[in-house]
Amino acid sequence: MSLQAVTIPFSAHFDLKNGLSKDYTSTKRMLSKMAGMYENDKAFANLVAEDDPLVYEFYELTMPETPNELLFGTSIVHPGKVGREYYMTKGHFHTILDTPEVYYCLSGEGYMLMENPEGDWQAERFTPGQAVYVPPRYAHRSVNTGNESLVTFFVYRADSGHDYGTIETKGFRKLIVEEQGVPVVVDNPKWRDGEEI
Ligand SMILES: O=P(O)(O)OC[C@H]1O[C@](O)(CO)[C@@H](O)[C@@H]1O
Ligand SMILES: [Fe+2]
C-alpha cells in the first residue's frame with residue numbers, strides 16, 4: 001500500500017459504516033502493542049494472553065512529508081474494554097507540535113481525548129456527523145465508548161509526524177472509563193509529570 005511520490009489528483013474509498021478501504025491495507029494495532037497504557041495491568045495481561053485482540057486499525061497513506069501535502073484516512077477503534085477502561089488508540093503529539101488535525105466521525109460513538117503540554121485537556125464527543133478539531137500542540141487519542149466500531153476520517157499536514165515517546169513515558173492525564181454503565185473522565189493514576197516537551 002503506497003501512493004505515488006509525486007502527487008497527482010486521486011480518490012480513495014473508505015466505507016462509511018466500517019471504515020475499511022477497498023484500495024488500501026490497514027495498519028493493525030493489537031492490544032500487546034499498548035503495554036503500560038491501560039490502567040489495569042492485570043486485565044491487560046489476561047486479555048493479551050487470551051487472544052491479543054485487535055484494538056484499532058487505520059490507514060497510513062504514503063505522501064511526500066512536506067507542509068504542502070495532506071495525509072488522510074480512516075481510523076477504526078473496535079469496541080471493548082480493558083478492565084473498566086474503553087479501547088482507545090495509543091495517542092500522540094505531532095512531532096511538529098504546532099500542527100493541527102481534523103477528525104470527522106462516520107460511525108460509532110466515543111470521544112477524542114486531547115491535552116497540551118501546559119496541562120489543558122478536553123474530551124470532545126464523537127457521534128456520526130460530528131467533526132472534532134485538534135488544535136496545534138494537543139496530543140490526541142480516540143476512545144470508543146460504544147458497542148460498535150468507532151470510525152473517524154482524519155486529515156493532517158503531511159509533515160506533522162507522530163511523537164509517541166512522550167505519551168509512552170508520561171501517559172495522558174485523563175482516562176475514560178465505565179462507571180455505572182456510563183463513560184466518565186477520571187485522573188490517570190499512572191500519569192507522570194516530568195520534563196516539558
Ligand atoms: O497514532 P495512534 O494514536 O496510534 O493512532 C493512529 C491514528 O492517528 C493517525 O495517525 C492520525 O492522527 C491515524 O493514522 C490513526 O487514526
Ligand atoms: Fe495526529
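Of all residues in the range 95-113 being closer than 23 Å to Phe44 by Cα and open to solvent by less than 30 Å² (accessible area, probe 1.4 Å), which is farthest from ligand 1 (Cβ to nearest atom)?
Step one: of the range 95-113, the residues closer than 23 Å to Phe44 by Cα are 109-113.
Then keep just the ones that are open to solvent by less than 30 Å² (accessible area, probe 1.4 Å); that gives 110, 112-113.
Working: Gly110: 13, Met112: 10, Leu113: 11 Å.
It comes out as Gly110.
Among residues of the range 168-189 that are touching a residue at least 60 places away in the same chain (Cβ under 8 Å), those with a beta-carbon under 7 Å from a residue that is part of a loop (DSSP other than H, G, I, E, B) and among the β-branched types (Val, Ile, Thr) at least six positions away or on a different chain give the pairs Ile176/Thr145; Pro183/Thr145. Quick check: is even one residue across the range 132-152 at pLDDT 95 or above, more than 15 Å from ligand 1 (Cβ to nearest atom), over 13 Å from the mean Cα position of the chain (by Cα) and on the phi > 0 side of the Ramachandran plot? The answer is no; no qualifying residue exists.
Select the strands (runs of 3 or more DSSP E) contained entirely in the range 115-160, then report the ones holding at least 2 residues which are open to solvent by 40 Å² or more (accessible area, probe 1.4 Å) and without any contact (Cβ under 8 Å) to a residue 60 or more places away in the chain. Write out each step before concluding.
Values: elements: 121-126, 131-134, 139-144, 150-157.
Result: 121-126, 131-134.
Quick check on my filter: what residues within the range 165-197 are in a loop (DSSP other than H, G, I, E, B), at pLDDT below 95 and not aliphatic (A, V, I, L, M)?
The initial filter retains those residues of the range 165-197 that are in a loop (DSSP other than H, G, I, E, B), namely 171-173, 180-181, 188-197.
Next, from what is left, pick out any that are at pLDDT below 95: 171, 189-197.
Selection gives Gly171, Pro189, Lys190, Trp191, Arg192, Asp193, Gly194, Glu195, Glu196.
Would you point out which residue out of Leu47, Leu20 is out of contact with any Leu (no Cβ under 9 Å at 6 or more places or on another chain) and surrounded by 14 or more Cβ atoms within 10 Å (Cβ to Cβ)? Step through it out loud before you land on a result.
Details: Leu47 fails: out of contact with any Leu (no Cβ under 9 Å at 6 or more places or on another chain).
Exactly one residue qualifies, and that residue is Leu20.
The single condition among (1) within 13 Å of ligand 2 (Cβ to nearest atom); (2) within 13 Å of the chain's Cα centre (by Cα) that Ser160 does not meet is (2).
For the range 78-94, the tally of residues that are within 10 Å of ligand 2 (Cβ to nearest atom) and either open to solvent by 40 Å² or more (accessible area, probe 1.4 Å) or under 16 Å from Gly19 (Cβ atoms) (or both) stands at 1.
Within the range 54-72, is even one residue under 24 Å from Pro189 (Cβ atoms) and either surrounded by 14 or more Cβ atoms within 10 Å (Cβ to Cβ) or of a type in the set (Phe, Trp, Tyr) (or both)? Lay out the reasoning, then the answer.
Applying the first criterion (under 24 Å from Pro189 (Cβ atoms)) to the range 54-72 yields 55-56.
Of the ones still in play, those that are also either surrounded by 14 or more Cβ atoms within 10 Å (Cβ to Cβ) or of a type in the set (Phe, Trp, Tyr) (or both) are 55-56.
Looking through the range 54-72, at least one residue is under 24 Å from Pro189 (Cβ atoms) and either surrounded by 14 or more Cβ atoms within 10 Å (Cβ to Cβ) or of a type in the set (Phe, Trp, Tyr) (or both).
For the range 27-44, a tally of residues being farther than 19 Å from Glu168 by Cβ and open to solvent by less than 70 Å² (accessible area, probe 1.4 Å) returns 1. Tell me, yes or no, whether the range 175-188 has at least one residue that is within 11 Å of ligand 1 (Cβ to nearest atom) and among the small types (Gly, Ala, Ser). No; the residues of the range 175-188 include none that is within 11 Å of ligand 1 (Cβ to nearest atom) and among the small types (Gly, Ala, Ser). Here is the figure for the range 163-184: residues that are within 16 Å of ligand 2 (Cβ to nearest atom) and among the acidic types (Asp, Glu) total 2.
Report, by residue number, each residue of the range 161-182 that is under 26 Å from Leu16 (Cα atoms) and surrounded by 18 or more Cβ atoms within 10 Å (Cβ to Cβ). Of everything in the range 161-182, just one residue is under 26 Å from Leu16 (Cα atoms) and surrounded by 18 or more Cβ atoms within 10 Å (Cβ to Cβ), namely Ile176.
The values are calculated or read from the model by the stated rules, or taken from the named source; none is laboratory data. Note that this is a predicted model, so its numbers are computed, not measured. All Cβ positions, glycine included, derive from the backbone under ideal geometry; neighbour counts span all protein chains shown. Accessible surface areas use protein heavy atoms only, side chains included; no ligands, DNA or RNA. Shrake-Rupley method; radii C 1.70, N 1.55, O 1.52, S 1.80 Å.
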